[in-house]
Structures are given as C-alpha cells and as structure tokens.
Amino acid sequence: MRNVFFICLALSLSACGATSSTEVGVRTNLFGIFEARGYQQIYEPGGVYFFLPLVNSWSTLPISQQNLLMTANLSEGDRPVPDDITFKTRDGNNVYIDVNVMWRINPKKAGEIVSKVGTSIDEIKERLIRPISRSVIRDAFNEITNEEYYQVAIKNRMAARAKEQLAAELLPYGIFVDMLQVQQHRFDREYQGAINAQKQAEADQQKLVEQQKNMVVQKQSELEEKRAEWNRRLEEARG
C-alpha cells in the first residue's frame, strides 16, 4: 500500500510529454537539479514520457519531410507576399525563380536545434533554412548567362550544385536536404519584352521563309502544268 502511495505521489509531481509517430521529444534541464544545467535528452517517436516539471522544459519537433516554398504566387508560398528568389546573371539581367526546398530534421541533432535555433518548424524555417537557402541558391545561379539559363542541362547542373552546397551548409545544424526544385522563372519586364519581341521577330521571319518556300513550290507546280500542257498540244499538232 505504501508503494502505491509513493508511486501516486511521484506521478502527481511529474510532468508528462508525448510524441507522435513523426515527432521526437526534447527534454532540457533548466536549473541543474539532479542533472547538469542545459542537459538534454531526446525521446523516440510515438511515446509518453514523465519527468520533473518546472526544472525541465519539453519540446517536440517533427522529423517528417518539410517544404520551404519560395514563390511569387501568393496562394502557394509560405509568405503572403512575393517570395521568389532574385539573382543576377553574368549579363547583368535579373531573373526571378520559384524554388522549393525539401528538408527534414536529423533526430539525433534535435537537442542542438532546440537550444540554438528554435523550438518550432516556423522558427527553424525562418531563422535557418530560409536565409541560408536563398544565399546559396543565389550564389549558384549568379554564375550563368541569360542564354545558359535556357539550356536545361546547365540549369539542372546549377540546381544540383546549389542543392549539394545547401546540404553541406545545413548538415552541421542537424538538417538534411532531400531535394531542391527550381520551378517557374521570370525576367524583368523590359528584358522579357525584348525577349518576346525577338521571339516574335524570329517567328515572323520563319513564317516569311515558309511562305517563300510555298511560293517557289507553287510556281514550280504551275510551270510543270504548263510544260505538260505544251507537250500535249505539241503531240496533238504532230498528229
């Protein structure tokens, strides 16, 4: 009976923390009672855990894949304002790109993330993932020209390089980068207008070339018809 009493007393003085199947828990000792101050323990997904209240803080972090979508589309991005990335090509023109970074937390580093970065996905995203991602992506794409950006192989190579560099920079913080997707792109209005005008001129020129080819074919056909008619009449005249 006495044992039951002490167990109930201990439970009444305990705090409770729970993790879902896609979360880890982080307990941090706040005052150095029973453990060193700042000591952290990481708890596995899908469990309920008890610890002393007041002297410990409890945080949970998802370890599932997260997305940082930086786009000009207000209905899709993480922010209610245009959030696409701007970089300047070697030609000096601005290019605006929509980028999605797929990332996740290394469970073994969850304690360091809580103590050094933040205790929620939004804090981690805003304080760490976003600023480093934008800087790395901008630096990678600054190396190409306007024409190179239209070459899929070169653009994909730059995206792969940016992903590799971003993964290397975020790894010490306890972040894995799974994928980096470069989606839509836009140029400055003036430059885009010049591109559209050039494309239209090329299309008009191609149309003119096709028309000239068709006229040549038509004239050749008419000439063949006249030659055939002349030969027919010549045969009739000869009887």
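The values are calculated or read from the model by the stated rules, or taken from the named source; none is laboratory data. None of the values given here were measured: they were computed from a predicted structure. Here the Cβ is made from the backbone with ideal geometry for all residues, glycine too, and neighbour counts use every protein chain on show.
Taken together, the residues in region 166-184 that are touching a helix residue (DSSP H, G or I) at 6+ places or on another chain (Cβ under 8 Å), of a type outside the set (Ser, Thr, Tyr) and surrounded by 14 or more Cβ atoms within 10 Å (Cβ to Cβ) amount to 9.
Rundown of residues vs (1) of a type in the set (S, T, N, Q); (2) modelled with pLDDT under 95; (3) under 24 Å from the mean Cα position of the chain (by Cα), yes/no style:
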| position | (1), (2), (3) |
| --- | --- |
| Asn56 | yes, yes, no |
| Thr60 | yes, no, no |
| Asn67 | yes, no, yes |
| Phe87 | no, yes, yes |
| Met102 | no, no, yes |
| Pro131 | no, no, yes |
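Can Leu128 be described as of a type in the set (A, V, I, L, M, F, W, C), in a strand (DSSP E or B) and surrounded by 13 or more Cβ atoms within 10 Å (Cβ to Cβ)? The answer is no for Leu128.
For region 29-53, a residue qualifies if it is more than 17 Å from Pro107 (Cα to Cα) and free of Cβ contacts under 8 Å to residues at least 12 places away in the same chain, and the qualifying residues are Gly32, Glu35, Ala36, Arg37. Of the set (1) over 18 Å from the mean Cα position of the chain (by Cα); (2) free of Cβ contacts under 8 Å to residues at least 60 places away in the same chain, all apply to Val81 but (1).
Only one of (1) free of Cβ contacts under 8 Å to residues at least 60 places away in the same chain; (2) farther than 30 Å from Gly111 by Cα; (3) crowded, with 17+ Cβ neighbours inside 10 Å is not met by Ser75, so which one is it? Tallying (1) free of Cβ contacts under 8 Å to residues at least 60 places away in the same chain; (2) farther than 30 Å from Gly111 by Cα; (3) crowded, with 17+ Cβ neighbours inside 10 Å, Ser75 fails exactly one: (3).
The number of residues in region 104-119 that are hydroxyl-bearing (Ser, Thr, Tyr) and part of a strand (DSSP E or B) comes to 0. Among the residues of region 4-54, which ones are at pLDDT 90 or above, of a type in the set (Gly, Ala, Ser) and surrounded by 11 or more Cβ atoms within 10 Å (Cβ to Cβ)? Those that are at pLDDT 90 or above, of a type in the set (Gly, Ala, Ser) and surrounded by 11 or more Cβ atoms within 10 Å (Cβ to Cβ): Gly17, Ala18, Ser20, Gly25, Gly46, Gly47. Would you mind stating whether Ser75 is under 30 Å from Val48 (Cα atoms) and not assigned by TED's automatic domain parsing to the domain that holds Ala18? It is false that Ser75 is under 30 Å from Val48 (Cα atoms) and not assigned by TED's automatic domain parsing to the domain that holds Ala18.
As a summary of the residue check, Lys163 satisfies the conditions (1) under 20 Å from Asn67 (Cα atoms); (2) surrounded by fewer than 18 Cβ atoms within 10 Å (Cβ to Cβ) except for the one numbered (2).
Out of (1) in contact (Cβ under 8 Å) with a residue 40 or more places away in the chain; (2) in contact with a strand residue (DSSP E or B) (Cβ under 7 Å, 6 or more places away or on another chain), what's the single condition that is false for Val117? Of everything listed in (1) in contact (Cβ under 8 Å) with a residue 40 or more places away in the chain; (2) in contact with a strand residue (DSSP E or B) (Cβ under 7 Å, 6 or more places away or on another chain), Val117 misses just condition (2).
Asn93 meets each of the listed conditions (1) surrounded by 14 or more Cβ atoms within 10 Å (Cβ to Cβ); (2) modelled with pLDDT of 90 or more apart from (2).
The condition of being more than 30 Å from Leu166 (Cβ to Cβ), of a type outside the set (Asp, Glu) and in a strand (DSSP E or B) holds for Arg27. For region 132-180, filtering for residues that are assigned to a loop (DSSP other than H, G, I, E, B) and small (Gly, Ala, Ser) leaves 1.
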